Amino acid sequence: AQSVSQHNHHVILSEAASLELGCNYSYGGTVNLFWYVQYPGQHLQLLLKYFSGDPLVKGIKGFEAEFIKSKFSFNLRKPSVQWSDTAEYFCAVTNTGGFKTIFGAGTRLFVKA
Amino acid sequence: GAVVSQHPSWVICKSGTSVKIECRSLDFQATTMFWYRQFPKQSLMLMATSNEGSKATYEQGVEKDKFLINHASLTLSTLTVTSAHPEDSSFYICSANAVLGQPSSSNSPLHFGNGTRLTVT
């Protein structure tokens, strides 16, 4: 069965620190990969997505993610976090040709000012 | 961007009653919508895929008779929690794939409603 694993449930960083959130998925076929973010009191919104092509994708607010097919990974990175990045981040996978999206458990990021 | 509107945002009901939650796509047509349930400090769990004009597809372990889904039009899907019990208390979220001006596909990112917090007393 398709599954998504996020390595860190809680991350606390100081402003300007670098961020990397791990995401691994299990599915044998071709997938579309997403990172969603949920800011406090708001609904989920798309941060970035990968369908094909360059495995390094850039999203909004300085975030990027790298798809490594051999490792079934899609880690999220940001070189320098800000206090406003405090949120919960979800990795998600959809198999191509299907519509069902499976989410990881989420990572709560708290950035200290 | 594509907007999904969910109503109500919160509801409190007594055990044994039924609650209907609406999910509307405001500026696009959605042949498929998804209903998720989110427990505190946990991820979104897909409950069912709502298909316009046909029966919903439920995930394993989700009771079809408990969680009735109707997708009567291209812009509206409803989830009815029947004979609600306290263990049904949760945060329910609907979503739809959308890229404005294009047919929905698995490449389309999900757009989420604001969610409905259901409390059953």
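The values are calculated or read from the model by the stated rules, or taken from the named source; none is laboratory data. The structure displayed is predicted, hence computed values, not measured ones. Cβ: placed from backbone, ideal geometry, glycine included. Neighbour counts: every protein chain shown.
Note on segment B:39-55: residues that are more than 9 Å from chain A (Cβ to nearest Cβ) and surrounded by fewer than 21 Cβ atoms within 10 Å (Cβ to Cβ) amount to 7. Among residues of segment A:63-83 that are without any contact (Cβ under 8 Å) to a residue 24 or more places away in the chain, those with a Cβ under 7 angstrom from a residue that is among the polar types (S, T, N, Q), sequence gap 6+ or separate chain, pair up as A:66/A:75. Output the residues belonging to segment A:36-66 that are out of contact with any helix residue (DSSP H, G or I) (no Cβ under 9 Å at 6 or more places or on another chain), crowded, with 18+ Cβ neighbours inside 10 Å and either modelled with pLDDT of 95 or more or of a type in the set (S, T, N, Q) (or both). Within segment A:36-66, A:38, A:57, A:65 qualify. Only residues that are surrounded by 14 or more Cβ atoms within 10 Å (Cβ to Cβ), under 25 Å from residue B:120 (Cα atoms) and out of contact with any His (no Cβ under 7 Å at 6 or more places or on another chain) were counted across segment B:18-38, and they come to 10.
Total residues in segment A:54-88 satisfying the condition of being under 10 Å from residue A:23 (Cβ atoms) and within 11 Å of another protein chain (Cβ to nearest Cβ): the figure is 0.
Among the residues of segment A:89-113, those identified as facing another protein chain (nearest Cβ under 9 Å), surrounded by fewer than 19 Cβ atoms within 10 Å (Cβ to Cβ) and in a strand (DSSP E or B) are A:95, A:108.
Name the residues in segment B:60-94 that are assigned to a strand (DSSP E or B), small (Gly, Ala, Ser) and under 17 Å from residue B:118 (Cα atoms), would you?
Step one: list which residues in segment B:60-94 are assigned to a strand (DSSP E or B), which gives B:67-73, B:76-81, B:90-94.
Next, only the ones that are small (Gly, Ala, Ser) stay: B:72-73, B:77, B:90.
If the condition is that a residue be assigned to a strand (DSSP E or B), small (Gly, Ala, Ser) and under 17 Å from residue B:118 (Cα atoms), then B:90 is the only one that fits.
Inside segment B:56-72, residues that are in contact with an Asp or Glu (Cβ under 7 Å, 6 or more places away or on another chain) and surrounded by fewer than 19 Cβ atoms within 10 Å (Cβ to Cβ) make up a count of 0.
State whether one or more residues within segment B:64-87 are touching a helix residue (DSSP H, G or I) at 6+ places or on another chain (Cβ under 7 Å) and hydrophobic (A, V, I, L, M, F, W, C). Within segment B:64-87 (the criterion being touching a helix residue (DSSP H, G or I) at 6+ places or on another chain (Cβ under 7 Å) and hydrophobic (A, V, I, L, M, F, W, C)), the answer is yes, since at least one residue qualifies.
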